[in-house]
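Chemist: Got a structure for you, written out below as structure tokens; questions coming shortly.
The values are calculated or read from the model by the stated rules, or taken from the named source; none is laboratory data. As the structure is a prediction and not an experimental result, all values here were calculated from the model. All Cβ positions, even for glycine, are placed from backbone atoms using ideal geometry, and neighbour counts span all protein chains on display.
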Amino acid sequence: MNESDIDRRTFVHGGVAALSTLATSPASAQSKRIRVGVIGCGSVSGSYLPHLTKSPHVTLVSACDILPDRAQAQGDRFNIPNRYPHISKMLAGAEFDLLVNLTDMQEHEHLNAEALSAGKHVWSEKPIANSLAAGQGLLRLSKEKGVQLWGAPAMVASPQFAFMSKVISSGKLGRLAAAHANYGHTGPDWSSFFYEKGGGSLPDLAVYNLTTLTGILGPAKAVAAMTSIVTPTRQIHRKGKIRVTAEDNAMVLMDHGKGLISHVQSGFNYFNPHGHDGSKETRHTVTVVGSKGYMGLVGYDWEPSGVDLATEDAPEFKRHAAEKGDFVWQMGASLAAESLATGKPLLITPEHALHVLEIMVATRESQHSGKRVSLRSTFRWPVV
């Protein structure tokens, strides 16, 4: 078995099962709460912290940011008692159980390693690490320390994902042939890290579609891809003009085996009349076609509004899963806390996140070499 191939049941019967025993013990039966420390108090924390605050399984303990004023501001806003300017001070400070890592993507790898080494569970925004080897090292470390590691995005938790998976497993689409997904906008102007080495449209944007397509179609076996830089310089607030060194345009072909090929495009140069307002997006941004049917996700996979399905037996489009329930893209850390508190298993696994990470690394390798790149990682599929 590939070291990155561990199924949900193994995950449940490992660390989370032990935590479940604690969660149902007399001392914790009344109210099990997970103490959470958040590192990175910038814009993304403005979405995560309200959700964490509302979770019955979370107690917010610490806020950390290299810009102390940001930690102070979010601490005041969300009644977080402890504020720190550096992870070392945070880890040496008030006790907590789960680190929620919302920092710049280039910093995730080393911060996740420090937290795991200190015996903390980790929920990390994407990506978990900067390479497959480093990511697998983090997973080994988490097992050695007896703690859990999860990585965004949380696409597999949506009812639309569940519906698409069910349709595919039912065989209604016939022999699957192709799938396509796309996500892009004109690019953020509030920070330069998006355009620097380790950033780019792949880990910021394509990661959502890559997670969705591999989640519903199964792990990819190989990648052939092209990337480019369309806009060589960017104007960034409070920093001025910068040179773009990470891809701002990407086209990724994935071979899933048995003839099935999927395609993801992402970029920071995509005009959209709705801007980045996902609630107004009505296009099919994820599509799957087979010999007997077509299926299209309405809206973005991070803010879905339904799935249109047409088949040989019912050729007129019919909309399904039109409600997203309590699904929001920023719910992953709250789900992780719930899992730790109750033992409830997650569909989100580090193995899936590492597979998507390898696809992104392979995409850049394919662009550099001009060749198709075989993949080594996998994860248990279907995601159920």
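Chemist: Hey, any hits in the stretch 169-184 for a residue that's in contact (Cβ under 8 Å) with a residue 24 or more places away in the chain, in a loop (DSSP other than H, G, I, E, B) and polar (S, T, N, Q)?
Modeler: no
Chemist: Between a residue in the stretch 285-303 that is within 14 Å of Leu205 (Cα to Cα) and without any contact (Cβ under 8 Å) to a residue 60 or more places away in the chain and any residue that is surrounded by fewer than 23 Cβ atoms within 10 Å (Cβ to Cβ) and aromatic (Phe, Trp, Tyr), which pairs come within a Cβ distance under 8 Å, given they are 6 or more apart or on different chains?
Modeler: Glu303/Trp329
Residues are listed down the side, and each one gets a yes or a no for (1) farther than 17 Å from Asn130 by Cα; (2) surrounded by fewer than 20 Cβ atoms within 10 Å (Cβ to Cβ); (3) aliphatic (A, V, I, L, M):
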| residue | (1), (2), (3) |
| --- | --- |
| Leu335 | yes, no, yes |
| Ser339 | yes, no, no |
| Thr342 | yes, yes, no |
| Thr349 | yes, no, no |
| Ala353 | no, no, yes |
| Leu357 | no, no, yes |
| Met360 | no, no, yes |
| Gly370 | yes, yes, no |
| Trp381 | yes, yes, no |
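Chemist: Looking at (1) within 30 Å of Val38 (Cα to Cα); (2) not in a loop (DSSP other than H, G, I, E, B), find the lone condition where Val286 falls short.
Modeler: The one condition Val286 does not meet is (1).
Let's see how each residue does on (1) part of a loop (DSSP other than H, G, I, E, B); (2) crowded, with 24+ Cβ neighbours inside 10 Å; (3) in contact with a strand residue (DSSP E or B) (Cβ under 9 Å, 6 or more places away or on another chain):
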site: Val207; (1), (2), (3): no, yes, yes
site: Met226; (1), (2), (3): no, no, yes
site: Gln235; (1), (2), (3): no, no, yes
site: Arg238; (1), (2), (3): yes, no, no
site: Lys241; (1), (2), (3): no, no, yes
site: Glu247; (1), (2), (3): yes, yes, yes
site: Met251; (1), (2), (3): no, no, yes
site: His256; (1), (2), (3): no, no, yes
site: Gln265; (1), (2), (3): no, no, yes
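Chemist: Here is a further query. Against the definition (modelled with pLDDT under 95, closer than 23 Å to Leu149 by Cα and β-branched (Val, Ile, Thr)), how does Thr21 come out, yes or no?
Modeler: For Thr21, the condition - modelled with pLDDT under 95, closer than 23 Å to Leu149 by Cα and β-branched (Val, Ile, Thr) - is met.
Chemist: Also: Might you check whether a residue that is among the β-branched types (Val, Ile, Thr) and surrounded by fewer than 22 Cβ atoms within 10 Å (Cβ to Cβ) occurs anywhere in the stretch 160-177? I'd like the intermediate steps shown before the answer.
Modeler: Of all residues in the stretch 160-177, those among the β-branched types (Val, Ile, Thr) come to 167-168.
When the remaining residues are screened for being surrounded by fewer than 22 Cβ atoms within 10 Å (Cβ to Cβ), the result is 167-168.
The answer is yes, given that some residue of the stretch 160-177 is among the β-branched types (Val, Ile, Thr) and surrounded by fewer than 22 Cβ atoms within 10 Å (Cβ to Cβ).
Chemist: Find the strands (runs of 3 or more DSSP E) located wholly in the stretch 63-140 whose residues include 3 or more that are out of contact with any Pro (no Cβ under 8 Å at 6 or more places or on another chain), and list them.
Modeler: 98-101, 121-124
Chemist: Just to be sure, is Glu358 closer than 22 Å to Gly151 by Cβ and not basic (Lys, Arg)?
Modeler: So Glu358 fits the description; yes.
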